[in-house]
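What follows is one structure encoded as structure tokens, with my remarks underneath.
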Amino acid sequence: MRALFARHALLPQGWRRDVLLEWNIHGDLAHIAADATAPPGVACADHVLPGMVNLHSHAFQRALGGLTERAGDGPDSFWTWRDLMYRFAARITPEQIEAIAAQLFSECLRHGYTSVCEFHYLQRDQGGKPYARPADTAERIACAGHEAGMGLTLLPVLYSHAGFGEQPLKPGQERFRTGVDDVLGIVDALGSLRDGQLEVGAAPHSLRAATIAQVRALAEGLPQGRPLHIHIAEQQAEVAQCLAYSGQRPVAYLMEHAGIDERWCLVHATHLDDLEVAALARSGAVAGLCPTTEANLGDGLFPLEPFIAAGGRFGVGSDSHVSQSPVEELRWLEYGQRLLHQRRNVAVTRERRDVGEYLWQAALRGGAQAAGRRVGALEEGRRADLLVLDGVHPNLDGVQEADVLGRFLFCGNDNLVRDVLCGGRWVVQGGRHVAQDAIAQRYRQAINELREVSQ
Ligand SMILES: [Zn+2]
């Protein structure tokens, strides 16, 4: 039966009791009723949340997690990490990309993500030549998403230059090489895969890798309404380079010259001045925040408090996948702000005073917008993407409804996600992904092959 009865469910307007959720054969929520009675034969759950959107992922980087934590001779930075990542990216095969992505998606589902925006920039083979099928590696990600049961937004990446002023690509970047027409060709080739579980947008990699004219051309060439993502202002060095090149800071430059609106997700946007905070909030674009990766890479802290006060929209992503948990992203989003301001309970508004509930709901709304899919809420017509929390865990057993998200986000390290429904399909049951062993076996094989190549 395609139904679930939740004693407590988080709906867009807040917690509601005795909620009957029904979905159709296409995986869309068809009927939601609060204050209902449990029909006979329908499974019951204590606490049900909408599944979270992971708005920024480079799936292959999952294989690098934890392997870059050793100091080199000089000060280590984002740029030394990037050199290591390039060496890894240079040798990975399409089969290995698929195996790693399937493992990542199964882990993300187990921790509560039901949707991933894949910022995909490995478009050429190890020699830097185009694949016979230009969308080959993006299709591998789609296959991995299908196998794991993850909702996807594929974002083929425009990557033409090594730095501001159309600097030629470096040898380690040849696998990423694309022009505007290449990306639009890949978007077109992926068109037949679009369905309730999969959307296709596009992503200029950054203002370093794409000129502003290319950014505009890509936005104009992409079919109406599709999402556009870009990395921006992640590092101070990028801000300095953009100032030297254009006389403007990256976000100000992009906003003035590329017509940023609700289609856009500006990933990181870490280094903003007050005018950029206000302009980004006003634009309706989503700030794509990736707190664990930004911490791991030493990027800096996003000005969350003034951005929320200005009505800005945001979501979270796991980016380099040092974490696969939305709990950890949201926890560190808030903790970074507490450490910065030496205060508690920063991510709130005048009306919404509960940090956990505000963060979960805000990240759902921003994430859904960035994904360009009908996700992010338990609402009729949206995807049937939901999490059943472990009601007998000591953190949740007998807890008041109003404290559930506080317990979920800010207490302990046990994974409290028990079952996960994604697009109307149960993909996690009792804490295990339904294809966990087969997916993990292929992941191990891929990692062993990559290890052999690197030795
Ligand atoms: Zn990224």
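Details
- When region 26-46 is limited to residues that are of a type in the set (G, A, S) and in contact (Cβ under 8 Å) with a residue 24 or more places away in the chain, the one that is nearest to L198 (Cα to Cα) turns out to be G27.
- Pairs are defined by a Cβ separation below 7 Å, a sequence spacing of at least 6 or placement on different chains, a first member in region 317-346 that is under 18 Å from Q361 (Cβ atoms), and a second member that is assigned to a loop (DSSP other than H, G, I, E, B) and within 16 Å of the ligand (Cβ to nearest atom); the pairs so defined are G317/C290; E329/S318; E329/S323.
- You will find that of I232, I260, the residue that is within 14 Å of the ligand (Cβ to nearest atom) and either within 19 Å of the chain's Cα centre (by Cα) or among the β-branched types (V, I, T) (or both) is I232 and no other.
- Just one of the listed residues (A203, A132) is out of contact with any helix residue (DSSP H, G or I) (no Cβ under 8 Å at 6 or more places or on another chain) and either outside the structural domain of D83 (by TED's automatic domain parsing) or within 15 Å of the ligand (Cβ to nearest atom) (or both), namely A203.
- Criterion (out of contact with any Gly (no Cβ under 7 Å at 6 or more places or on another chain) and either within 14 Å of the ligand (Cβ to nearest atom) or not assigned by TED's automatic domain parsing to the domain that holds V215 (or both)) met by exactly one of S283, S318: S318
Here is a yes/no grid of residues against (1) within 16 Å of the ligand (Cβ to nearest atom); (2) not in a loop (DSSP other than H, G, I, E, B); (3) not assigned by TED's automatic domain parsing to the domain that holds A269:
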| site | (1), (2), (3) |
| --- | --- |
| F314 | yes, yes, no |
| V322 | yes, no, no |
| V327 | no, yes, no |
| Y335 | no, yes, no |
| L340 | no, yes, no |
| A347 | no, no, no |
| L359 | no, yes, no |
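- Looking across region 363-388, the residues that are out of contact with any helix residue (DSSP H, G or I) (no Cβ under 8 Å at 6 or more places or on another chain) and in a helix (DSSP H, G or I) come down to L364, R365, G366, G367, A368, Q369, A370, A371.
- Note on region 240-257: among residues that are surrounded by fewer than 20 Cβ atoms within 10 Å (Cβ to Cβ) and not hydroxyl-bearing (S, T, Y), the one that is farthest from the ligand (Cβ to nearest atom) is G247.
- The test for being within 23 Å of the chain's Cα centre (by Cα), touching a residue at least 24 places away in the same chain (Cβ under 8 Å) and not in a helix (DSSP H, G or I) does not hold for L218.
- Of all residues in region 397-409, those being under 14 Å from W360 (Cα atoms) and surrounded by fewer than 17 Cβ atoms within 10 Å (Cβ to Cβ) number 3.
- Members of region 214-229 that are more than 16 Å from the ligand (Cβ to nearest atom) and in contact with a Leu (Cβ under 8 Å, 6 or more places away or on another chain): Q214, V215, L218, A219, G221, L222
The values are calculated or read from the model by the stated rules, or taken from the named source; none is laboratory data. Computed from a predicted structure; not experimentally measured. Positions of Cβ are backbone-derived with ideal geometry, glycine not excepted, and every protein chain shown enters the neighbour counts.
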